[in-house]
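A.B. asks: My structure is below; once you've seen it, I'll send some questions.
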Amino acid sequence: MTKTVPIASADGKGFPIPISSLEAPPDFVPRILEADRSCQSGTQDPCDPWLLWQLADSAFPVGGFAHSGGLEAAWQSGEIASREELVGFLQASLTQWARGAVPFLAAVHAAPQRLKELDRYCDAFLSNHIANRASRLQGQSLLLACERIFDSAAIAELRRQLLQQDLPGHLAPTFGAVTRLLELSRGAAVRLFLFSLLRGAVTSAVRLGISGPLEAQAIQHRLGPSAEAAAILGLSLPLDDLAQTAPILDLLQGAQDRLYSRLFQS
């Protein structure tokens, strides 16, 4: 069942930052150990670094540049007016990705035969129409790009099945399926996923004029430990622990289509 975690402002004003956003469940340590074992059990371990770098490259055409993850709507709503509020937004986003996206990715990577089931589950979980649309567009773009770039019969067959069965092709489950076919370990796939999302949000802040490029990179570096904590937490969570941890972020993102002027689709 979907759960909502209470949130509050860090300083009584500005963008709300989750309280104990990366708080571990009671059996966190055993899950971390199990996640670590899973990270090391990929079909190709260690991962091919050249493949990993190519997938992490901002030039890899998955369409992420068209999405801000709700940052544009939050900024235009006046919720982000300082560096710390931007950091709070990014921290809230990392928490939401860890608890609402990474479990889908990890589950499909571990059991690719569940893609159809979990893709539809993800579609139901993403009740925000803006977030849902962005996830579908990016997942389908990822699948198409990987099919053409890597000339993989397995990825081509995966895309054919998604189209034939009229599946939404959401980003998180599709990412899990594709990285499994490309023989990335589950741990590497989760970290690549979070890196790509965080980098996209930081880049969006630069394009919107919220932050300069050097400051944005400093913020991304500062959030590195939080991103790693999010990866470990996401790997430890079963699908029963899916949660919406940033309802205000979700609410703001839902207003994206009603902005008077906008650079991004989401």
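A.B. asks: Hey, could you check the range 65-118 for residues that are among the aromatic types (Phe, Trp, Tyr) and under 17 Å from Gln220 (Cβ atoms) and say which is surrounded by the most Cβ atoms within 10 Å (Cβ to Cβ)?
C.D. replies: Going through the range 65-118, the residues among the aromatic types (Phe, Trp, Tyr) turn out to be 65, 75, 89, 97, 104.
Now narrow it down to the ones that are under 17 Å from Gln220 (Cβ atoms): 65, 89, 97.
Numbers: Phe65: 14, Phe89: 27, Trp97: 25.
Step by step, filter the range 65-118, then rank; the result is Phe89.
A.B. asks: Turning to a different aspect of this structure: Anything in the range 70-107 that is closer than 16 Å to Ala243 by Cβ and either of a type in the set (S, T, N, Q) or part of a loop (DSSP other than H, G, I, E, B) (or both)? List them, or say none. Spell out how you get there, then give the answer.
C.D. replies: The initial filter retains those residues of the range 70-107 that are closer than 16 Å to Ala243 by Cβ, namely 91-107.
Gln91, Ser93, Thr95, Gln96, Ala101 - these are the residues of the range 70-107 that are closer than 16 Å to Ala243 by Cβ and either of a type in the set (S, T, N, Q) or part of a loop (DSSP other than H, G, I, E, B) (or both).
A.B. asks: List every residue pair whose Cβ atoms sit under 7 Å apart, with the two residues 6 or more apart in sequence or on different chains, where the first one lies in the range 106-130 and is farther than 30 Å from Ala74 by Cα and the second, anywhere, is outside any helix (DSSP H, G or I).
C.D. replies: Lys116/Gln165; Lys116/Leu167
A.B. asks: Taking the range 210-220 on its own, how many of its residues are of a type in the set (Gly, Ala, Ser) and in a helix (DSSP H, G or I)? Step through it out loud before you land on a result.
C.D. replies: At the first step, the residues of the range 210-220 found to be of a type in the set (Gly, Ala, Ser) are 211-212, 216, 218.
Checking the rest, the ones that are also in a helix (DSSP H, G or I) come to 216, 218.
Residues that pass the stated criteria total 2.
A.B. asks: Out of Lys13, Lys3, report the one residue that is among the basic types (Lys, Arg), more than 21 Å from the chain's Cα centre (by Cα) and modelled with pLDDT under 50.
C.D. replies: On inspection, the qualifying residue turns out to be Lys13.
A.B. asks: I need a count of the residues in the range 145-157 that are in contact with a helix residue (DSSP H, G or I) (Cβ under 6 Å, 6 or more places away or on another chain) and not β-branched (Val, Ile, Thr). Give the derivation first.
C.D. replies: Let us first name the residues in the range 145-157 that are in contact with a helix residue (DSSP H, G or I) (Cβ under 6 Å, 6 or more places away or on another chain), namely 146-147, 154-156.
The next check asks that each one be not β-branched (Val, Ile, Thr); those that pass are 146-147, 154, 156.
Of the residues in the range 145-157, 4 are in contact with a helix residue (DSSP H, G or I) (Cβ under 6 Å, 6 or more places away or on another chain) and not β-branched (Val, Ile, Thr).
A.B. asks: Pick from the range 108-167 the residues that are assigned to a helix (DSSP H, G or I) and of a type in the set (Ser, Thr, Tyr): which of them is farthest from Thr179 (Cα to Cα)? It would help to see each step written out before you state the result.
C.D. replies: Just the residues of the range 108-167 that are assigned to a helix (DSSP H, G or I), to begin with: 108-110, 112-125, 129-150, 153-164.
Next, from what is left, pick out any that are of a type in the set (Ser, Thr, Tyr): 121, 135, 141.
Working: Tyr121: 20, Ser135: 17, Ser141: 14 Å.
It comes out as Tyr121.
A.B. asks: Restricting attention to the range 183-209, and to residues there that are in a loop (DSSP other than H, G, I, E, B) and surrounded by fewer than 23 Cβ atoms within 10 Å (Cβ to Cβ), which single residue is nearest to the chain's Cα centre (by Cα)?
C.D. replies: Within the range 183-209, the subset in a loop (DSSP other than H, G, I, E, B) is 183-185, 208-209.
Subsequent filtering for residues that are surrounded by fewer than 23 Cβ atoms within 10 Å (Cβ to Cβ) retains 183, 185, 208-209.
Numbers: Glu183: 20, Ser185: 17, Leu208: 20, Gly209: 23 Å.
Across the range 183-209, the extreme among qualifying residues is Ser185.
The values are calculated or read from the model by the stated rules, or taken from the named source; none is laboratory data. Since the structure is predicted, the reported quantities are computational estimates derived from the model, not experimental observations. Ideal geometry is used to build each Cβ from the backbone, glycine not excepted, and the neighbour counts take in all protein chains shown.
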